[in-house]
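The block underneath contains the structure these notes are about, expressed in C-alpha cells.
The values are calculated or read from the model by the stated rules, or taken from the named source; none is laboratory data. Model, not experiment: these values are computed from the prediction. Cβ atoms come from the backbone with ideal geometry, glycine included; neighbour counts cover every protein chain shown.
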Amino acid sequence: MKRYSRRTILFASTLEVLRSQNPAQAKYDLLVRGGQLVDPVQNLSAQRDVAIVNGKVARIAPSIPESEAVQTLNAKGMIVTPGLIDVHVHVYDGVAPLGIPADPNCIAKGVTTVLDAGSAGAHTFPGLRKYVINVVDTRVYALLNISVVGQSTLSPGNPWGELLDIRYANPKLTVKTIEQNRDRILGVKIRLTENISGRHDLEALKLAREAADATRLPLMVHIGGTFSTLPKILDLMRPGDVITHTYRQEAGGILDDRGRVLPEVKKAVANGIGLDVGHGAGSFGWAVAEAALKQDTFPGTISSDVHQYNVHGPVLDLATTLSKFMHLGMTLEQVVERATKNPASTFGFPRGLGTLAVGSEGDVAVFKMEQGDFELFDSVRQSRIVHRRLLPVATVKAGRIYGSASIPVVTL
C-alpha cells in the first residue's frame, strides 16, 4: 500500500483534488479553481482561478482549464485569499512560556507566514532560529524582545516578567542580534504591562526605541495595565511603530473613562502609528472594539496572539479573529486586507507575500464561509452571537498543498 507522509491530507468531500490525465503536457503545477478570490492588493473580490508554477503565481483568470494543470484544487463555493499573515503569535514551542507548535496552529489554519512577537530575546533567538524557523513549514519571522531573555511570564505559575530587572534590556546586544539575522528579524518588541516592566516602563521603552532606531525597524509595543499612561507611551513612538492589544478591556487602553477614544490615540494613528489587534487570552474586549469602531478607530492589522492559553478558546485561530471583526461590521475584504496586504507592508516582509498577483509567492488559503448562529467569546468571557464565520479548509504554500484544518491527517 502506498504510504503518505503525515503532511498529506485526504480532502474527502470538503475539497476535491484532481490530477491531470496528461501531466507532461500541463502548463501549471497547481490550479486553484472556482473560488471567490479576495486579494486587496489587486482590489479584487470575484470568482477567479489561480495557476501556480515553480512555487509562484503564474496566471489569474476567470476560467483556466483543468487540463492545463498537473493538479487541480476545486475551491468552488469557497473563499480564496493569499496565505494569511499573522503578525502576533508565540511559536517558540517548549522554550518560551506561551509557545505552541507553529504548523498545526498556523499553516494548517490558512496562515502561511507569521511574526513571533517577542518570544525570543538576544540570548534565546539562536534557538528560535535553529529549532523553529529552520524546521517548520510555516514561514516564521520574529520581533526581537528588548529583554535578552525573551518572554518570561507564565501566568498563573509565574506572573513576573522579563523587564522587572531593567538590566535585561540591552539595546546593543539587541542590535547585534538583529544585524546578524536581518533575514528573519523584522522589528523590536516590548511588553509594558506593570507586572512585566514594573514602574520603569518608560525607561525600558526608551531602550527599545534606541534599538529600533539603530536598526531602522519598527517597534511593537504591548499596552494595557501599564504603570505609565498611554499618552506618555505614545510620545516615545514613531511613525511605522505599532501598538498591539489595541482593544484590551482594562486600564491603560485606548478609551477614556467615558468610552471615548483618547485624542492622543487618534493623533498617533494620523501620524503613522499602527493599531494591531493581538487578541490573546486577555487582550480583546467586545465592548472596547464596538466603541472604538463606532468612532472610526479601526485596526491596521488583525492578529491573533495565539498561544497555549488561548488556542482552545477564546482565540482558536486567526480566521476566528477575522470572523469577530466581520461581526463588528467590517467586510470580508476589509478583514482580509488586515491579514494580508497591511501586515506585509507594515513589517517589511519579503516582496511577494500577502498577495496573489502574478509573480508573487504561491501561498493560498481556502476558507468556507459558514452561515448560522455561533457564540464567540472575547478575552473577558463576554460573548456575541455571530451569523457567519470563516473556517479554514486548505492551505497552499509556495505551490504545494499543505492540507486541511477541518479534516484529520490520514496516513496510509
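Quick notes on this structure:
- Exactly one residue out of Glu375, Glu333 is free of Cβ contacts under 8 Å to residues at least 12 places away in the same chain, surrounded by fewer than 24 Cβ atoms within 10 Å (Cβ to Cβ) and touching a Ser or Thr at 6+ places or on another chain (Cβ under 8 Å): that is Glu375.
- Subset of region 279-289 [in a loop (DSSP other than H, G, I, E, B) and within 18 Å of Arg389 (Cβ to Cβ)]: His279, Phe284
- Selection within region 338-362 - within 23 Å of His307 (Cα to Cα), in contact with a helix residue (DSSP H, G or I) (Cβ under 9 Å, 6 or more places away or on another chain) and assigned to a helix (DSSP H, G or I): Asn342, Ala344
- Here Val17 meets the list (1) under 30 Å from Val277 (Cβ atoms); (2) touching a Phe, Trp or Tyr at 6+ places or on another chain (Cβ under 7 Å); (3) not acidic (Asp, Glu); (4) not in a loop (DSSP other than H, G, I, E, B) almost entirely, failing just condition (1).
- When region 211-245 is filtered for residues that are farther than 22 Å from His88 by Cα and either out of contact with any Pro (no Cβ under 9 Å at 6 or more places or on another chain) or not hydrophobic (A, V, I, L, M, F, W, C) (or both), the ones remaining, listed by number, are Phe227, Ser228, Thr229, Pro231, Lys232, Asp235.
- Residue count for region 1-50, restricted to those that are under 25 Å from the mean Cα position of the chain (by Cα), surrounded by 13 or more Cβ atoms within 10 Å (Cβ to Cβ), hydrophobic (A, V, I, L, M, F, W, C) and modelled with pLDDT of 95 or more: 6.
- Of Ser360, Ser345, all but one fail to be without any contact (Cβ under 8 Å) to a residue 12 or more places away in the chain and of a type in the set (Gly, Ala, Ser); the exception is Ser345.
- Total residues in region 290-311, condition of a type in the set (A, V, I, L, M) and either outside any helix (DSSP H, G or I) or in contact with a helix residue (DSSP H, G or I) (Cβ under 8 Å, 6 or more places away or on another chain) (or both): 3
- Across region 193-212, a minimum of one residue is classified as assigned to a strand (DSSP E or B), under 25 Å from the mean Cα position of the chain (by Cα) and surrounded by 18 or more Cβ atoms within 10 Å (Cβ to Cβ).
- Hits in region 346-359 (condition: more than 13 Å from the chain's Cα centre (by Cα) and either surrounded by fewer than 19 Cβ atoms within 10 Å (Cβ to Cβ) or of a type in the set (Gly, Ala, Ser) (or both)): Gly348, Pro350, Arg351, Gly352, Ala357, Val358, Gly359
- Consider region 213-244 and keep the residues that are touching an Asp or Glu at 6+ places or on another chain (Cβ under 6 Å) and assigned to a helix (DSSP H, G or I). The one that is surrounded by the fewest Cβ atoms within 10 Å (Cβ to Cβ) is Pro231.
- Residue among Gly157, Gly150 that alone is of a type outside the set (A, V, I, L, M), surrounded by 24 or more Cβ atoms within 10 Å (Cβ to Cβ) and more than 25 Å from Pro392 (Cβ to Cβ): Gly150
- Contact annotation: residue pairs with Cβ atoms under 8 Å, 6 or more positions apart or on different chains, pairing a residue in region 163-184 that is part of a loop (DSSP other than H, G, I, E, B) with a partner that is aromatic (Phe, Trp, Tyr), are Asn181/Phe125; Arg184/Tyr141.
- Given (1) assigned to a strand (DSSP E or B); (2) under 21 Å from the mean Cα position of the chain (by Cα), number of the condition Ser379 does not satisfy: (1)
- Selection within region 163-183 - in contact with a helix residue (DSSP H, G or I) (Cβ under 6 Å, 6 or more places away or on another chain) and more than 16 Å from Met220 (Cα to Cα): Ile166, Thr177
- Number of residues in region 57-68 that are under 17 Å from Ala365 (Cα atoms) and buried (at least 17 other Cβ atoms within 10 Å of the Cβ): the value is 3.
- Search result, residues across region 252-278 that are in a loop (DSSP other than H, G, I, E, B), touching a strand residue (DSSP E or B) at 6+ places or on another chain (Cβ under 8 Å) and within 27 Å of Arg199 (Cβ to Cβ): Gly252, Ile254, Leu262, Ile273, Gly278
- Within region 294-336, the residues that satisfy the criterion of being more than 28 Å from Pro101 (Cβ to Cβ) and of a type outside the set (Gly, Ala, Ser) are Lys294, Gln295, Asp296, Thr297, Phe298, His327, Leu328, Met330, Thr331, Leu332, Glu333, Gln334.
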